[in-house]
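Student: Sharing a structure below in structure tokens format, with a few things to ask.
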Amino acid sequence: MSQDRAEIVDLPSSSAPRGGAPRDVSKEPARPAVESRSPLGAGALIVCDNLVKIYKVADLEVVALQGLDLLIEPGEFIALVGASGSGKSTLMNILGGLDVPSAGRAVVAGHALGDMGRRERSEYRRRVIGFVWQQTARNLLRYLTARQNVELPMLLNGVGKGEREERSADLLARVGLAERGDHRPERLSGGEQQRVAIAVALANRPAVLFADEPTGELDTATAREVFDLLRGVNQELGVTIVVVTHDPLVSEQVSRTIAIRDGRTSTETLRRRAVTDAGDHHVISEEYAVLDRVGRLQLPRAHVEALGLERRVRLALEPDHISVWPDRDRSADPDDHGDQHLDHTGKPGEIV
Ligand SMILES: Nc1ncnc2c1ncn2[C@@H]1O[C@H](COP(=O)(O)OP(=O)(O)OP(=O)(O)O)[C@@H](O)[C@H]1O
Ligand SMILES: [Mg+2]
């Protein structure tokens with residue numbers, strides 16, 4: 001789990017940009033929200049600040065989240081990606097109010113998740129968020145029909161019969177299952193069950209919908225349909241959506257993909273549409289490393305491997321970026337120091 005330690009760069013405070021000529025910000029690429037946080041997370045719907053989760057199993061401690069930072073704005077549609085065991089579900093369980101952090105802060109729609117009592121926690125889960133699991137069987141009660149499943153969260157919240165019926169009909173129509181309301185889950189396909197699960201999750205008009213690999217058990221075509229549905233829900237209802245996925249096609253459709261590595265957010269890929277001078281539309285995709293509050297960032301593994309970086313790197317502040325060079329001080333030739341070694345490595349790695 002700690003094999004990436006050597007790749008974490010602590011930017012010295014002297015690396016912060018100094019004075020210099022004013023920049024034309026309008027010409028610069030979009031920056032991740034995490035860079036404009038002052039104070040931390042102002043206006044954000046979801047804030048994770050230095051989140052830590054340690055599981056204790058017998059005498060063993062598993063550090064599933066080790067200082068994770070995350071900011072999500074209202075209305076965003078976010079894909080969370082990362083290798084198996086990187087901490088995605090741990091994060092989702094904390095954000096979903098199913099588990100509590102060991103340290104750090106997680107706030108969703110004004111609810112501090114580490115401090116909630118049992119009652120606030122259950123209110124939070126019933127009213128503020130919706131949750132969709134990967135396992136279709138876990139999302140729905142098998143002895144209830146699709147319509148009854150959708151009505152259940154409203155029933156628990158004391159919504160009257162008339163409104164329940166109207167809203168469940170609306171939701172089932174929205175997920176394309178207006179005709180299947182009387183079917184129990186066993187008479188629905190996997191994709192249909194996940195559609196009903198999304199309707200259930202939306203029943204109480206949540207601020208955020210969390211989905212942990214909702215298409216993990218579906219074939220590619222069905223997964224695509226479910227994902228299109230989520231995108232429609234995000235755009236038409238304005239619900240913020242955070243979805244864990246391994247599907248590379250899915251992560252290409254969202255506006256922001258956040259990669260988790262070893263219990264930390266490592267990179268963010270932003271996608272935005274741009275129009276060329278000739279009027280052609282195209283999608284620009286840019287990858288950013290996430291900088292935490294004390295200036296740490298994780299270099300992408302591919303960059304580290306490409307330049308053979310290990311243990312320490314040399315940094316240099318340039319007027320508008322920071323360069324990162326491999327440490328070649330201990331090379332075979334004792335007279336050969338510093339920049340001359342850059343000739344052997346070709347292009348230096350660069351931050352920002
Ligand atoms: N309840 C638990 N008790 C002990 N260790 C746990 C528990 N849940 C998760 N872990 C450990 O925490 C780490 C993160 O697990 P997590 O389930 O969050 O990963 P993930 O990114 O969701 O992986 P996957 O893609 O396989 O679903 C792993 O090392 C895992 O073994
Ligand atoms: Mg998982």
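Just so it is clear, none of the values below were taken in a lab; they were calculated from the coordinates. These numbers come from a predicted model, not from an experiment. When we count neighbours, we look across all protein chains shown, and the Cβ atoms used for this are built from the backbone with ideal geometry, even at glycine.
Student: Sort E192, E217 so that the residue with the fewest other Cβ atoms within 10 Å of its own Cβ comes first and the one with the most comes last. Spell out each step's value before the answer.
Tutor: On the way: E192 21, E217 17.
With the fewest neighbours first, E192, E217 line up as E217, E192.
Student: What are the residues whose amide H is under 5 Å from the amide H of L299, where those residues sit 5 or more places off or on another chain and H is modelled from the backbone?
Tutor: Close amide H contacts, sequence-distant or interchain: V9.
Student: For region 92-137, just list the percent of Cα-Cα distances falling in each 10 Å bin from zero outward, please.
Tutor: Per 10 Å bin, starting at 0, the Cα pair percentages come out as 26, 56, 17, 1.
Student: So, one more: How many nm is it between the label spots at L317 and Q135, if each spot is 7 Å from the Cα in line with the beta carbon?
Tutor: Here the modelled spin labels are 5.3 nm apart.
Student: While we're on this one: Could you compute the FRET efficiency for L60 and V100, with r as their C-beta to C-beta distance and R0 at 30 Å, rounded to 0.05?
Tutor: For L60 and V100, the calculated efficiency is 0.95.
Student: A further question follows. For G104, what residues show an amide H to amide H distance below 5 Å, using hydrogens built from the backbone and excluding near sequence neighbours?
Tutor: HN-HN under 5 Å from G104: V52.
Student: So, R0 is 30 Å and r is the distance between the beta-carbons of D327 and H282; what FRET efficiency does that work out to, to 0.05?
Tutor: 0.15
Student: Take the alpha carbon atoms of region 120-263, find their radius of gyration, then divide it by 2.2 N^0.38 Å using N residues; give the quotient. Walk me through the numbers on the way to the answer.
Tutor: Details: Rg = 14.7 Å, N = 144, 2.2 N^0.38 = 14.5 Å.
So the Cα radius of gyration is 1.01 times the expected 2.2 N^0.38 Å.
Student: Put a dot 7 Å past each Cα toward the Cβ at E186 and E310; how far apart are the dots in nm?
Tutor: The two pseudo-label positions are separated by 5.8 nm.
Student: As an exercise, use a Förster radius of 22 Å and the Cβ-Cβ distance of L155 and R118 to find the FRET efficiency, rounded to the nearest 0.05.
Tutor: On the way: r = 21 Å, r/R0 = 0.94.
Using R0 = 22 Å, I get an efficiency of 0.60.
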